[in-house]
4 protein chains.
Amino acid sequence: MSLQNPVFIPGPTNIPEVIRKACDMPTVDHLSPAFAPILKAALAGCRGVMKAERGEIFIFPSTGTGGWETAISNTLSAGDTVLAARNGMFSDRWIKMCRRFGLEVIQIDVTWGEGIPLPRFAELLHEDKAGRIKAVLATHNETATGVVSDIAGLRRVVDEASHDALLLVDGVSSIGSMPFEFDDWRVDVAVTGSQKGFMLPPGLAITAFSEKALAASRDAKLPRNFFNIDDMRATNVANGYPYTPLVGLLNGLALSSRMLLDEGLDNVFARHARIANGVRAAVAAWGLAPCAAASELYSNSVTAIRVPHGFDPARIVTHAAERYGMAFGAGLGDVAGQVFRIGHLGMLTDAMALSGLAVAEMCMADLGLDIRLGAGVAAAQALYRHGCEQMKAAAD
Amino acid sequence: MSLQNPVFIPGPTNIPEVIRKACDMPTVDHLSPAFAPILKAALAGCRGVMKAERGEIFIFPSTGTGGWETAISNTLSAGDTVLAARNGMFSDRWIKMCRRFGLEVIQIDVTWGEGIPLPRFAELLHEDKAGRIKAVLATHNETATGVVSDIAGLRRVVDEASHDALLLVDGVSSIGSMPFEFDDWRVDVAVTGSQKGFMLPPGLAITAFSEKALAASRDAKLPRNFFNIDDMRATNVANGYPYTPLVGLLNGLALSSRMLLDEGLDNVFARHARIANGVRAAVAAWGLAPCAAASELYSNSVTAIRVPHGFDPARIVTHAAERYGMAFGAGLGDVAGQVFRIGHLGMLTDAMALSGLAVAEMCMADLGLDIRLGAGVAAAQALYRHGCEQMKAAAD
Amino acid sequence: MSLQNPVFIPGPTNIPEVIRKACDMPTVDHLSPAFAPILKAALAGCRGVMKAERGEIFIFPSTGTGGWETAISNTLSAGDTVLAARNGMFSDRWIKMCRRFGLEVIQIDVTWGEGIPLPRFAELLHEDKAGRIKAVLATHNETATGVVSDIAGLRRVVDEASHDALLLVDGVSSIGSMPFEFDDWRVDVAVTGSQKGFMLPPGLAITAFSEKALAASRDAKLPRNFFNIDDMRATNVANGYPYTPLVGLLNGLALSSRMLLDEGLDNVFARHARIANGVRAAVAAWGLAPCAAASELYSNSVTAIRVPHGFDPARIVTHAAERYGMAFGAGLGDVAGQVFRIGHLGMLTDAMALSGLAVAEMCMADLGLDIRLGAGVAAAQALYRHGCEQMKAAAD
Amino acid sequence: MSLQNPVFIPGPTNIPEVIRKACDMPTVDHLSPAFAPILKAALAGCRGVMKAERGEIFIFPSTGTGGWETAISNTLSAGDTVLAARNGMFSDRWIKMCRRFGLEVIQIDVTWGEGIPLPRFAELLHEDKAGRIKAVLATHNETATGVVSDIAGLRRVVDEASHDALLLVDGVSSIGSMPFEFDDWRVDVAVTGSQKGFMLPPGLAITAFSEKALAASRDAKLPRNFFNIDDMRATNVANGYPYTPLVGLLNGLALSSRMLLDEGLDNVFARHARIANGVRAAVAAWGLAPCAAASELYSNSVTAIRVPHGFDPARIVTHAAERYGMAFGAGLGDVAGQVFRIGHLGMLTDAMALSGLAVAEMCMADLGLDIRLGAGVAAAQALYRHGCEQMKAAAD
């Protein structure tokens, strides 16, 4: 594995130089006044990126998994029922966590590659006149399959059922990379991590809670200690922390969120879409198809690519690492033997993306797949240079 | 606050240059073979530093508080009884966490400045013929008071009572700085963090579990998710992680633990004792006294210093930060208005320690305390230059 | 210009992570014993990489240009005659420097793209029975044209003429990237810089002097002050320096030279040849040709590429920077309007090289050149994956 | 030697965190537009710090010694006469360089510890009706003795003699630390380095040339190549460089000069004076005396301290390094056996300064000098806490 190559895993992402430097701090006394501006800027930045002006942000030294636990343990009680679709490895894991906490899960199994089945959710919510369902869990972007689900649609479904369930959304691999509207979608708890759209090393679980979620937290009975938002809020208001904060990462988060907001979220999302379109064009040029079942499900942060039947896609990942020193994502769970994944979130240049595609196609060719070298690269190039035709015209 | 001055808080500590560089890694795919040597070295290093050859190490992306939660939630069930002394802020917090988890706590209140009252523990354990007490919780070094308790003695007490309780030890501010014998003391769960004796930034809860604790974990019913040692073990054995690991910090931990072991733990402890002796000599020269009630309780990682009655010690901490850009620790909890603290753990040179003492005495003088400038520094110098007399002799 | 993209200028090169960290040192007292091992390792490493076991190494805080001055001013006197070919920008500049020093230059003009004309040199040296020519200057690798000259052949020519001239070689863009034999070729002064094959930031002029050159220095009358090898030698022997050394860069040089030697110079050169072959395969696939007039002149550190007549190649460089944030080299001097350059020296992965080729072909297409996207990339890929056919076979 | 301790050599100085990060850049193509803002900011910053609005700045990849060479070789011709005082190691070296260049030097020997003898200079300049003296060389701050000379006075002396000589000033260890007025003093060439008041690693010779010096350069005949200001000017105007620039250091220089200007030069100088006063108070408390012969000669960047007769001061420097891992400066040249030096330029906090004094007095005590521990520290503390008495009063 070369430290010089970009990584093409769906997070942690390639960390921009300035962000690495912002994270690499000497020890700062977190109980001194020097901590306040860092914490404030990090919280404000997250609020901006999550479009959660009406939300309250809580940042825990942890990972996305800790964010899931924060969402559940602060809003629910043992025996509560939640509704969730299992359409990938990460929705599956969140469901399993719920069960461990003694929650009842109405698990809707869908083929991996599909999104959250809104009609089925609509039915179940309509039927639940008693309000047994306390929360609807949604994985915005399934990192295992490269499938983005329709959270705005899910909000409508809940509303149309006049259902009072909380809407808990895993935005780990979407927030900062694809449109996410905490306020507009009236999300109740959103969860992400530092190592995805925020372009930082891992180490922070970032959550936003709505007023309604905060109200629910007052009755929630699941044990919560490390991930207790009351402790976090009580200390944050005085620019403190319930335990030792990860000052360097928070400082990095303050910077990276400002970078995203300065660039403009719409521009950030357009940049991700552009890079993703190039990757998908390459996939098509290779004669392969995304795992995502329909184009409206395509994720702009990761593409899971189906390989020909009988070919083990893990070989691509291993070969890329061993021979070319480059990291791709392997298939996980139900699609483990069917896909490999190219992560394309965070700060990627065209050149970086093309290097990943070039290596991917060398690997596939090396391993005997019928891939024409340069084909995927050319397809992505055609897309990346879009808008440069006028130069050609001017030169003619 | 100056980034050029050393910090004198009792953790996070001053991070040596090489360790900062080891932590500041570009993104490494944690699912690639590149992660295995990092994880293995970190685990082996912790085992060495904790003298836990018979223990199993689990490292969570978290802080010491997460380590407490790991210790409790993996070994106990709601309703279980634990025995604990409250002799400082951190023992107090651990007790509160137990209560939140629905544990019964036999809380022994002692004056802050005292250690764990072994005779009282002996009584209670002897009386507990029914084995109601499932665990004894011990804070090895109370960071709030600078008091080190006798864990070897506590082990003897438990043994003499032929009691089967688990021995759970918070070694957050002792491990890596003062003698700690996981195996010899037959500790069942030991907890520490990256940001103390290991000289790293915060972000890792480091725990060691004995065979007995692992056995207890099989029956423990408290919900455990993020801090689940079963998930950690199941993935670690294959050089994996249950979620995204903090690769940079683990890499730093691999280095810092090797540095400690290469220096020799006895030398590391002697170094800490030496620096601490200098600080205590300065305290005496100032006419002040440690919070610790007796010399055998003196901590080598932090000294809490009692100020004259009626003087608010928080002023020293504020003044040091504002005027001299230096960080000391404020008093916490029961001793908040009585002490300020000088942290002296991690990699400190004589020169660094003396700079802290020099600033502390300027602050006290500035604020009207009757301190002779240079007095504390001179007392520490006399100690730090010990062994150099022969030079003088040779020069005569 | 993106800091995330690799650079494709012919130096400074892409700096590996570990080397950046080795250079980024806190202040070290260069008069303390801490400096000796750094200086020694740097000197020994340079000796190894230059294959100059019989040479003496002098490292000046400067650049390659300072190295040229070191070579001249320490061995020659005003009025001395030197023989040099002008076959590119850098040989031209060295010649100009000689003239400024009041040296007589027998300048052999050759078409840029050609190497040093050995037959012509042979003639001139044969004719020079009086030994008027004091030194032969040779630019081993002309960075402006991507042409490598035959230094071993030049040595033979000098020998066959039984001529006593010093052989001064500019190895700035060859040493560490292509075979260079200071001892075997009996080079008298070799010159390079830190920012090329040594993969460091710029800042050091690295020179090796033969016994004969050292002898010549005793009679040389050109003023030499900053670049005086006598001052350097007199201080280096005591692990000192005639002025403040660049400790961080020297520390980086100690590491980078060890990395090259550990990898094995033959492997390093083979790696450069492999990457360069891919670049040249791409050039051919684009229907273009290197500036170098014959394949035996091809440089493995930089390729200058001729563009179609009437097209301004500087537009490619500008467009790559502005549109794709990537740096290529522009044409210089006589070939300024005819070529652009791809630097491929230092530590480059296949993935990095392919990203440069992909961007180069997008730029050419954008600007209206008749380039099929992916064509050059595919040609390079075919070469880079060489040796992987057996995998395909095994998979069949 | 500990990398954690501050250094107390008179340069290179302790590098602030942000400056280290500014210098540690990935490779930037210096021929791309990315270089222009870095170069411009560095040049403008130097102009500001040197107060050289009427001067032209030239920055060479080199050290202060290269700056001396730049000053001489660009303004003088072989056989020219210069006037210089030899009052320390660095003035001595500059004189020697002049001689090597074939200049005639009127060398005024003064006891080391004295400044430039203005009356003697006045005499000589008055006598020189023929204008034989082409330049007056002045070492503003003699780093070897800690003596600052009166450059404004020297300007007056030259003016009063109605002499046309150029005024060439070595400000290596004064500029950025003590008042320096390029324009007001009508300095013709000023020389400094990156590693002193600019707080950077070594690697840059920074020079400012007056109009008169630029005019002189047109007739100057000394060979100049690497240090040729014409080449530098010709390329700088187009944001270029005559060879590969040290982009990282220039980026650091852009930042450090802005930091100095943002702080306000008067504040910077007051800060240096304050720290220096503390050091001198310590020296007095030790019963020792500065090498500088009178208080008006005291340098605020370095103090050379006379030790008792018969005691070898080099032992202090060696002992400090070996025993306490701290770097002080040894005595040089004429005062080698008489003084050791404490450098106190650059960004030093009170705490850092006190740590140096504490170690110095331990060393002296260790080696048998009659030093009361804490005495020097207390004297400096009394000074550093000046202005804090009101706190004490308020507390009373």
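What the table shows:
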read-out	value
Selection count, segment C:3-12, where residues are at the interface with another protein chain (Cβ under 7 Å from one of its Cβ atoms) and in contact with a Pro (Cβ under 9 Å, 6 or more places away or on another chain)	4
Number of the exception - residue A:233 against (1) more than 25 Å from the chain's Cα centre (by Cα); (2) surrounded by fewer than 20 Cβ atoms within 10 Å (Cβ to Cβ)	(1)
Number of the exception - residue A:320 against (1) out of contact with any Ser or Thr (no Cβ under 6 Å at 6 or more places or on another chain); (2) within 30 Å of residue A:20 (Cα to Cα); (3) away from chain C (no Cβ under 14 Å)	(3)
Of all residues in segment B:339-363 being over 22 Å from residue B:143 (Cβ atoms) and among the hydrophobic types (A, V, I, L, M, F, W, C), the one that is surrounded by the fewest Cβ atoms within 10 Å (Cβ to Cβ)	B:351
Residues of segment C:332-341 classified as within 18 Å of residue C:369 (Cβ to Cβ), touching a residue at least 60 places away in the same chain (Cβ under 8 Å) and within 14 Å of chain D (Cβ to nearest Cβ), total	1
Segment D:351-375, residues that are among the acidic types (Asp, Glu) and over 13 Å from residue B:358 (Cβ atoms)	D:366, D:370
Some residue of segment C:153-165 being closer than 30 Å to residue C:25 by Cα, surrounded by 20 or more Cβ atoms within 10 Å (Cβ to Cβ) and not assigned by TED's automatic domain parsing to the domain that holds residue C:301	no
Of all residues making up segment A:165-199, the number that are of a type in the set (Val, Ile, Thr) and over 14 Å from the mean Cα position of the chain (by Cα)	2
Single residue of B:239, B:228 found to be within 26 Å of residue B:100 (Cα to Cα) and either surrounded by fewer than 24 Cβ atoms within 10 Å (Cβ to Cβ) or without any contact (Cβ under 8 Å) to a residue 40 or more places away in the chain (or both)	B:228
Restricting segment D:293-319 to residues that are among the β-branched types (Val, Ile, Thr) and not in a strand (DSSP E or B), the residue that is farthest from residue D:152 (Cα to Cα)	D:318
Single unsatisfied condition, residue A:379 versus (1) of a type in the set (Gly, Ala, Ser); (2) in contact (Cβ under 8 Å) with a residue 60 or more places away in the chain; (3) surrounded by 24 or more Cβ atoms within 10 Å (Cβ to Cβ)	(3)
Neighbours by Cβ (under 9 Å, 6+ apart or cross-chain): first from segment C:13-28, over 14 Å from residue D:248 (Cα atoms); second at pLDDT 95 or above and among the basic types (Lys, Arg)	C:26/D:20
Condition met for residue B:4 (at pLDDT 95 or above and part of a strand (DSSP E or B))	no
Meets criteria (within 14 Å of chain D (Cβ to nearest Cβ) and touching a residue at least 12 places away in the same chain (Cβ under 8 Å)) for residue C:131	no
Filter result for the condition that a residue is in a helix (DSSP H, G or I), modelled with pLDDT of 95 or more and more than 8 Å from chain D (Cβ to nearest Cβ), over C:57, C:95	C:95
Any hit, segment A:148-159, residues being hydroxyl-bearing (Ser, Thr, Tyr), touching a residue at least 12 places away in the same chain (Cβ under 8 Å) and part of a strand (DSSP E or B)	no
Residue that is crowded, with 24+ Cβ neighbours inside 10 Å, touching a residue at least 60 places away in the same chain (Cβ under 8 Å), farther than 27 Å from residue A:102 by Cβ and of a type in the set (Phe, Trp, Tyr), where the choices are B:94, B:112	B:112
Count of segment B:201-221 residues which are within 11 Å of chain A (Cβ to nearest Cβ) and either among the charged types (D, E, K, R) or surrounded by fewer than 20 Cβ atoms within 10 Å (Cβ to Cβ) (or both)	1
Test: residue A:62 is under 30 Å from residue A:213 (Cα atoms), of a type outside the set (Asp, Glu) and within 14 Å of chain B (Cβ to nearest Cβ)	yes
Residue within segment B:34-45 that is within 11 Å of chain A (Cβ to nearest Cβ) and part of a loop (DSSP other than H, G, I, E, B) present	yes
Flag if residue D:283 is closer than 27 Å to residue B:363 by Cβ, surrounded by fewer than 24 Cβ atoms within 10 Å (Cβ to Cβ) and over 18 Å from the mean Cα position of the chain (by Cα)	yes
Residue B:277, sole failed condition from (1) farther than 22 Å from residue B:50 by Cβ; (2) surrounded by 19 or more Cβ atoms within 10 Å (Cβ to Cβ); (3) more than 14 Å from every other protein chain (Cβ to nearest Cβ); (4) not charged (D, E, K, R)	(2)
In segment B:289-303, residue surrounded by the most Cβ atoms within 10 Å (Cβ to Cβ) [restricted to those that are touching a Ser or Thr at 6+ places or on another chain (Cβ under 8 Å) and under 20 Å from residue B:370 (Cβ atoms)]	B:291
Residue within segment D:350-373 that is under 19 Å from the mean Cα position of the chain (by Cα), over 14 Å from residue D:14 (Cβ atoms) and assigned to a loop (DSSP other than H, G, I, E, B) present	no
Residue check for residue C:71: surrounded by fewer than 23 Cβ atoms within 10 Å (Cβ to Cβ), among the hydrophobic types (A, V, I, L, M, F, W, C), within 14 Å of chain D (Cβ to nearest Cβ) and assigned to a helix (DSSP H, G or I)	no
Members of segment C:360-375 that are within 8 Å of chain A (Cβ to nearest Cβ), under 16 Å from residue C:278 (Cα atoms) and touching a residue at least 40 places away in the same chain (Cβ under 8 Å)	C:361, C:375
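The values are calculated or read from the model by the stated rules, or taken from the named source; none is laboratory data. Predicted model only: the values in this text are computed from it and were never measured. Heads up, the Cβs are rebuilt from the backbone with ideal geometry, glycines too, and the neighbour counts pull from every protein chain shown.
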